[in-house]
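A short worksheet on the structure shown next.
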Amino acid sequence: MSADLVDTFGRVHRDMRVSLTDKCNLRCTYCMPSDFADWLPGPSLLSTDELMQVLDVATSLGIDGVRLTGGEPLLRADVVDVVRRITELEHAPEISVTTNGLRLTTLAQPLADAGLKRVNVSLDTLDRDRFKAMTFRDRFDDVIAGIKAAQAAGLAPVKVNTVLMKGVNDDEAPALLRRALDEGWRLRFIEQMPLDPSGVWLRSTMITADDIYAWLTEHYTLTPVPARGSAPAEEFYVDGGPATVGIIASVTRPFCGACDRLRLTADGQLRNCLFARDELDLRTALRDEALAADPRALRTELERRLRLVVADKLPGHGINDANFIQPSRPMSAIGG
Ligand SMILES: C[S@@+](CC[C@H](N)C(=O)[O-])C[C@H]1O[C@@H](n2cnc3c(N)ncnc32)[C@H](O)[C@@H]1O
């Protein structure tokens, strides 16, 4: 496999986060305003054929992991077909999905049958009322049912992603780990990043990886798992293992030096970082009539644009810089 997507800091890019839609069926307070209505216009969204053209080129350049996200990726009507078609690419990557789990009860088995290997489900609380307050939807039971469906379909171990917020759910870390151990989930806590729609994120009030570590070690013995590689989570064995828990310290201990990720938005914009200020438009190339008539020229142009985005990547996400500016798009439109 080639490794062509190397940036000026020597980082080899192997992972692509692909947003399948900016739509979502929850309204997590830290992600999307409850009355959000500024959806991407339908014609701007990449068709599945266009998406496959991009992924065919990206995987030939060394991308070997594709994570489908959104918005809520399982809201895309042809998501099972998308998975199947990715497995049929010449250099088929490993496919995973990040989802809120709501549609897994019906989709887990078809997705597994289509070639999906792994699923991450986002769940921030074990309390039904809190879930409703945090997401503006009364769907806690559906998430739990979705996780069970994923496990039954062999998409195990299911990773569960949790964001803790001060005064909202920051008392739940040990209980979430207890539940994860009982149910066979692989739990990972993610520090809240400055991507909230109302711009109210504050470093002084955010829950840090150190807070979470301290709360967990009041109840459990955590031992670092060696060999983290480019994975964002610091992993720990719980009480000697084999179960583990992860803490993703995106803000307080950034792991940009090992970042191997690119992001493709649902409307065909390529980003080299969640916090990038710029995007590179692949959609115009995909829809250019002259290029469409000449598949080799289109391929060359897509390769060129992919390399450009990688070459432009900064050493870090800049959250901790004094002049940091939050991206203009909400997390749901970038693809989490
Ligand atoms: C944007 S969602 C998209 C995929 C899917 N709808 C889901 O719920 O997993 C992906 C992940 O981003 C996380 N996320 C969203 N906004 C965040 C923020 N401001 N800081 C940290 N994580 C965030 C969510 O908790 C979720 O785990």
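Are there any pairs with C-beta distances below 6 angstrom linking a residue in region 121-137 that is surrounded by 15 or more Cβ atoms within 10 Å (Cβ to Cβ) and outside any loop (DSSP other than H, G, I, E, B) to a residue that is among the β-branched types (Val, Ile, Thr) and at pLDDT below 95, with the two at least 6 apart or on different chains, and if so which?
Listed pairs, sorted by first residue: 134/29.
For residue 136, only one of the following conditions fails: (1) modelled with pLDDT under 95; (2) on the phi > 0 side of the Ramachandran plot; (3) within 15 Å of the ligand (Cβ to nearest atom). What is its number?
(1)
Among what's in region 228-258 and is among the small types (Gly, Ala, Ser) and at positive phi, pick the residue that is farthest from the chain's Cα centre (by Cα).
240
Of the numbered conditions (1) over 16 Å from residue 250 (Cα atoms); (2) buried (at least 17 other Cβ atoms within 10 Å of the Cβ); (3) in contact with a helix residue (DSSP H, G or I) (Cβ under 6 Å, 6 or more places away or on another chain), residue 189 satisfies every one except a single condition; which is it?
(1)
Being more than 12 Å from the ligand (Cβ to nearest atom), among the acidic types (Asp, Glu) and not in a helix (DSSP H, G or I) is the filter here, so list the residues in region 179-212 that pass it.
Passing the criteria: none in range.
May I ask you to list the residues in region 270-292 that are of a type in the set (A, V, I, L, M) and not in a loop (DSSP other than H, G, I, E, B)?
Passing the criteria: 270, 280, 285, 286, 290, 291, 292.
Can you tell me which residue within region 226-257, out of those that are assigned to a loop (DSSP other than H, G, I, E, B) and touching a Phe, Trp or Tyr at 6+ places or on another chain (Cβ under 6 Å), is farthest from the ligand (Cβ to nearest atom)?
239
Quick one: in region 305-336, of everything that is surrounded by fewer than 21 Cβ atoms within 10 Å (Cβ to Cβ), away from the ligand (no atom under 16 Å from the Cβ) and part of a loop (DSSP other than H, G, I, E, B), which residue is modelled with the lowest pLDDT?
322
What are the pairs with Cβ atoms under 9 angstrom where one residue, in region 58-76, is of a type in the set (S, T, N, Q) and the other, located anywhere, is assigned to a helix (DSSP H, G or I)? Sequence gap at least six, or different chains.
Close Cβ pairs satisfying both conditions: 59/86; 60/299; 60/303.
The values are calculated or read from the model by the stated rules, or taken from the named source; none is laboratory data. What you see is a predicted model; the values in this text were computed from it and never measured. Cβ atoms come from the backbone with ideal geometry, glycine included; neighbour counts cover every protein chain shown.
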